[in-house]
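The structure appears below as structure tokens.
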Amino acid sequence: MVAWSPAPVEGVRETLFDGYQRLLPRERRSAPVTIVEIDEAALAEHGQWPWPRTRVAELVSRIAELEPAAIGLDLLFPEPDRFSPAELSRLIPLPEDLAESLQNLPSNDAWLAQAMRGRKVVLAIAGLEERPAQGTPPLREYGRALASVPEIDEAAAGRGLISVDLPERSVRRVPLVARVADVPVAALALELWRVGTGARHFALSDAGGGLLRVEFADAAVPVQRDGSMWLRYSAHDAGRFVSAADLFSGNVDPEMFRTKLVLVGVTGVGLLDYKATPLGEQVPGVELHAQLIEQIFDAAYLVRPAWALWLELAFLCGGAGLLIALVPAVRVHLSVAAVLGLQAVFVVAALWAFSRGVLIDAAWPALGLSVAFSVLLAATLSEADRQRRELREAAARAAGELEAARRIQMGLLPDTSLFDAEPRFSLRALVQPARTVGGDFYDCFKLDERRLFFVVGDVSGKGMPAALFMALCKTTIKAAVVSARAEPATALRRAGQEIARDNPETFFVTAFAGTLDLETGELVYCNAGHEPPYVLRAGGLQRLPTAPRPPVGVPGVFSFEAETLHLAHGERLCALTDGVTEAMNEAGELYGARRLERLLAALPAHAAPGEINAAVVEDVKRFVGNAAASDDLTLLALRWN
């Protein structure tokens, strides 16, 4: 135990054990002891301490007349009484014959010895020169004892040890059995009990679990391996005490003495025989012996077995193992709650054990658990920080790659400003992905000097998969247009067959494709499941009528039919994706086709394609507000001049 109990740990342990005592003090159920106190009242009436031994002898006689079981004197008489007649004759100049007469009188020590002789009186002895324990069991050892003068000592029925812990500390343990000059000696309380019951001796035996058993009379008291016993305190009770002044005056209840174990001790404040207890009280030293006797009488023992340390270690290892599994897996506040919960379990278990008389130290396992939690939390946070750094680096790389993908995707879309020199038409188009990249696209190119082909498409899905599929669709549709000689329906049918052939994710694309004759204004178009475009005429707004057709890339064989429309000079066509009509604001409301139609109808007749696109984008942005974009947005505006 010593190796596991450095001073800081021992200090915390003792403080914890004191806390147990405060929470669960011993209930005083019996009263086997009466204390005769030499208190302030007795000192005021019979003089200062030490009294002449004759007065102590009178006190012993008065107590003996009340028929106690035994009397224990928590007093030491190590020197001859200076008030003895012979001592006075040497201290005071007297006539020779008077001095000689005084020297022939019995000493005060003899009077006290006479009062004790034949009565069950136990004297106190104090151990001196404590030395390292030797032998088996390793009881506390003292080189010698401070005892009363031989004349008094010889008259005693027994002698009991009164040594306790250091006076500046709370008294938590007292030696119930110790060795003095290699001779086993019982504590005053134990010796008083032995003498009171008439037992001839006490015996030491191994109780198991690193404990000893002290047996005497009908009692078997468990003690620590060094022979010490933990005191389990009850609150200070004045009912234990009788003033010596009352005893001298005869003003006492005889029942407080009859068959009781009577202790005699000093309690006067100026005599400095006060001890601190775990309950936070200062009590006279003689009360410690009374508490010990009561504790034995009620069998209210406190022990700390050798296995207690292993149990505490098991608490720590089990709790640490749980934290090792828990801390990296749950949030910090849950792991903190787990630590506090485990520590609370330790304390509750220790309190329960204390109520059963076993001292379990919950302090160092709880402290060890805090240290383990701190280390685990630091390691977990360090690992989380490392993962965050890696995620930030990965996110930065991904952001760079997405930005590169966005630039590549935008680069795949034609630059409509290349047609600005063309007098027969004006065209502007734009794509705004909901994310960095998207699935909307447009394309426009002149098949020859007379014909212009354009297409607006919306791939199912969003993000990178849609962007990859968009590139495939745009390329495939363009190749199909060239091979179909500008026939939109044929081009979309061929493109759909090609896309459906190698499409494990079953993506599809809605598309509106048209070919404009730049000389006549004839528009041949085909709609494959796409939003119908609008035609802005002088007489109002018209939405192109389209027969229902499936999207491009849907598995199966479908026919696509072309339809024809003639544009008048200056008429404009606005093609779009559903990212316009299905734009959503913070309230969850859709932009809708009606709002778009009102906006387009209100535009000036001379509004250029770029102005049309800008007006639509601005109105959508105003409607959406701070809500995140829900879909890609694409616009293509064309005017035949």
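In table form, for the structure just shown:
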quantity: Wholly within the range 231-288, strands (runs of 3 or more DSSP E) carrying at least 2 residues that are over 45 Å from the mean Cα position of the chain (by Cα) and within 16 Å of residue 56 (Cα to Cα); calculated: 241-243, 261-266
quantity: Members of the range 213-223 found to be modelled with pLDDT of 90 or more and open to solvent by 20 Å² or more (accessible area, probe 1.4 Å), listed by number; calculated: 213, 215, 220, 222
quantity: Contacts under 9 angstrom Cβ, first residue in the range 17-39 being within 12 Å of residue 290 (Cβ to Cβ) and exposed (fewer than 14 other Cβ atoms within 10 Å of the Cβ), partner at pLDDT 90 or above and of a type in the set (Phe, Trp, Tyr), 6 or more apart; calculated: 30/297
quantity: In the range 230-251, the residues that are more than 27 Å from residue 12 (Cβ to Cβ), of a type outside the set (A, V, I, L, M) and open to solvent by 10 Å² or more (accessible area, probe 1.4 Å); calculated: 237, 239, 241, 243, 246, 248, 249, 250, 251
quantity: Any helices (runs of 4 or more DSSP H) falling wholly within the range 298-415 and containing at least 1 residues that are in contact with a Cys (Cβ under 8 Å, 6 or more places away or on another chain), in contact (Cβ under 8 Å) with a residue 40 or more places away in the chain and over 29 Å from residue 173 (Cβ atoms); calculated: none
quantity: Which numbered condition residue 55 misses (of (1) over 60 Å from the mean Cα position of the chain (by Cα); (2) at pLDDT below 90; (3) surrounded by 16 or more Cβ atoms within 10 Å (Cβ to Cβ); (4) not hydroxyl-bearing (Ser, Thr, Tyr)); calculated: (2)
quantity: Considering residues of the range 574-600 that are assigned to a loop (DSSP other than H, G, I, E, B), of a type outside the set (Gly, Ala, Ser) and farther than 22 Å from residue 439 by Cα only, the residue least open to solvent (accessible area, probe 1.4 Å); calculated: 589
quantity: Of the criteria (1) within 14 Å of residue 152 (Cα to Cα); (2) crowded, with 22+ Cβ neighbours inside 10 Å; (3) touching a Ser or Thr at 6+ places or on another chain (Cβ under 7 Å); (4) modelled with pLDDT of 90 or more, which one residue 113 fails; calculated: (3)
quantity: Unmet requirement for residue 519, which otherwise passes all of (1) of a type outside the set (Phe, Trp, Tyr); (2) open to solvent by 10 Å² or more (accessible area, probe 1.4 Å); (3) closer than 23 Å to residue 600 by Cα; calculated: (3)
quantity: Considering residues of the range 252-301 that are open to solvent by 50 Å² or more (accessible area, probe 1.4 Å) and of a type in the set (A, V, I, L, M, F, W, C) only, the residue nearest to residue 24 (Cα to Cα); calculated: 299
quantity: Residue count for the range 432-453, restricted to those that are crowded, with 22+ Cβ neighbours inside 10 Å and under 24 Å from residue 583 (Cα atoms); calculated: 8
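The rows are residues; the columns are (1) assigned to a strand (DSSP E or B); (2) closer than 17 Å to residue 115 by Cβ; (3) of a type in the set (Ser, Thr, Tyr).
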residue: 25; (1), (2), (3): no, no, no
residue: 37; (1), (2), (3): yes, no, no
residue: 48; (1), (2), (3): no, no, no
residue: 59; (1), (2), (3): no, yes, no
residue: 72; (1), (2), (3): yes, yes, no
residue: 79; (1), (2), (3): no, no, no
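The values are calculated or read from the model by the stated rules, or taken from the named source; none is laboratory data. None of the values given here were measured: they were computed from a predicted structure. A quick note on method: Cβ atoms are made from the backbone with ideal geometry, for glycine too, and the neighbour counts reach across all protein chains shown. What goes into the accessible areas is simple: the full protein's heavy atoms, side chains included, and nothing from ligands, DNA or RNA. Shrake-Rupley method; radii C 1.70, N 1.55, O 1.52, S 1.80 Å.
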